[in-house]
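First the structure, in the form of structure tokens, and then the observations on it.
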Amino acid sequence: MAQEAAAVVGGGIMGAGIAQVLARNGYDVRVREINEELAAEAEERIVEGNYGLNDAVEGGYLSEAEKAETLERLTFTTDLEEATDGTEFVIEAVTEKLSIKGQVFRDLDAVTDDQPLYSNTSGFSVTSIANAVSDPSRVAVMHFFNPVPIMSMVEVVKAPETDEAVVERAEELVDELDKTRVTIDDDPGSYGFIANRCHAAMRAEAQKIVDEGIATEEQVDTALEEGYNLPVGPFSLRGIGEEWD
């Protein structure tokens, strides 16, 4: 099904996953990276990376023809204005550093008109990001989870200034992508939304149990995995790529 054009700023693991899912659902997606090398890596990630298009074909979830059609809907560029021109919305997915995100949104403010601007931040408040643009009403958060092609959850976060139409479009997009959403209010005083704040509390208590000598890391993981049916315990999750503060 043909859709409007969308831009994804940042082609790392999260940005590539978001772009892949959008393109598979009919969107003309422009992926913007800061140089040609990173743009090429983003394309390779979508095709050959874990949970990429090749994996989808091998798993029987996508035909070769559908893969080719998806790739035709993807464009990779280093030009932000070219990436965002004529798009229905923009999703930012750059490094999780507020200073970098702030600069990206200042740049977006200079080259976009009035389309919604969404951040894929995993925890920065909408307000802290929206401060970088002249019209904060068009900014909200769409926090996808990794790996995006597999994980269903998306947290939609709105500030008091966020236009309701911007929130509704985010909710519609999540539904279009056949994912699950929760829409919550911004909390400028905290980092994280629902899932990450709850998980951070669990991590802290898990570490406290180990530090007090009550149990080993392996025992904590086993208790949580077997007792609460968690797919991966907190210490095992850290071992496969998650960084703890």
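Might you let me know whether segment 152-168 holds any residue that is among the polar types (S, T, N, Q), over 30 Å from residue 113 (Cα atoms) and surrounded by fewer than 15 Cβ atoms within 10 Å (Cβ to Cβ)? Quick ask: steps written out before the conclusion?
So in segment 152-168, the residues among the polar types (S, T, N, Q) come out as 152, 162.
Next cut, over 30 Å from residue 113 (Cα atoms) only: 152.
Among the residues that remain, those that are also surrounded by fewer than 15 Cβ atoms within 10 Å (Cβ to Cβ) are: 152.
Scanning segment 152-168 turns up at least one residue that is among the polar types (S, T, N, Q), over 30 Å from residue 113 (Cα atoms) and surrounded by fewer than 15 Cβ atoms within 10 Å (Cβ to Cβ).
Pull up segment 185-201, narrow it to residues that are out of contact with any Asp or Glu (no Cβ under 7 Å at 6 or more places or on another chain) and either outside any helix (DSSP H, G or I) or at positive phi (or both), then point me to the one that is surrounded by the fewest Cβ atoms within 10 Å (Cβ to Cβ).
By that ranking, first place goes to 189.
Collect the residues in segment 132-151 that are more than 11 Å from the chain's Cα centre (by Cα), crowded, with 17+ Cβ neighbours inside 10 Å and assigned to a loop (DSSP other than H, G, I, E, B), keeping them in residue-number order.
The answer is 132, 133.
For the structure I just gave you, tell me whether residue 45 is in contact with a strand residue (DSSP E or B) (Cβ under 6 Å, 6 or more places away or on another chain), of a type outside the set (Ser, Thr, Tyr) and open to solvent by 30 Å² or more (accessible area, probe 1.4 Å).
no
Restricting to strands (runs of 3 or more DSSP E) lying wholly in segment 1-106: which have 1 or more residues that are out of contact with any Phe, Trp or Tyr (no Cβ under 9 Å at 6 or more places or on another chain) and either in the same structural domain as residue 126 (by the TED database) or closer than 27 Å to residue 132 by Cβ (or both)?
So the answer is 5-9, 28-32, 74-77.
Residue 110 passes all but one of (1) touching a residue at least 12 places away in the same chain (Cβ under 8 Å); (2) open to solvent by 10 Å² or more (accessible area, probe 1.4 Å); (3) hydrophobic (A, V, I, L, M, F, W, C); which number fails?
(1)
Give me the pairs: first residue in segment 205-222 and more than 15 Å from residue 238 (Cα to Cα), second residue surrounded by 12 or more Cβ atoms within 10 Å (Cβ to Cβ) and among the β-branched types (Val, Ile, Thr), beta-carbon distance under 6 Å, and six or more apart or on different chains, which are they?
From segment 205-222, the pairs are 209/220; 215/209.
Restrict the check to segment 185-194 and report whether at least one residue is of a type in the set (A, V, I, L, M, F, W, C) and within 18 Å of the chain's Cα centre (by Cα).
The answer is yes; a qualifying residue exists.
Restricting attention to segment 210-231, and to residues there that are among the hydrophobic types (A, V, I, L, M, F, W, C) and open to solvent by 50 Å² or more (accessible area, probe 1.4 Å), which single residue is farthest from residue 180 (Cα to Cα)?
Per the criteria, the residue is 214.
Restricting to segment 73-97, name every residue that is polar (S, T, N, Q) and under 11 Å from residue 6 (Cα atoms).
Listed by number, the residues that qualify are 75, 84, 87.
The values are calculated or read from the model by the stated rules, or taken from the named source; none is laboratory data. If you're wondering where the values come from, they're calculated on a predicted model, not measured in any experiment. Neighbour counts are summed over all protein chains in view; Cβ atoms, including those assigned to glycine, are modelled from backbone coordinates with ideal geometry. For the accessible areas, the whole protein counts, side chains as well, though only heavy atoms, and no ligand, DNA or RNA atoms are used. Shrake-Rupley method; radii C 1.70, N 1.55, O 1.52, S 1.80 Å.
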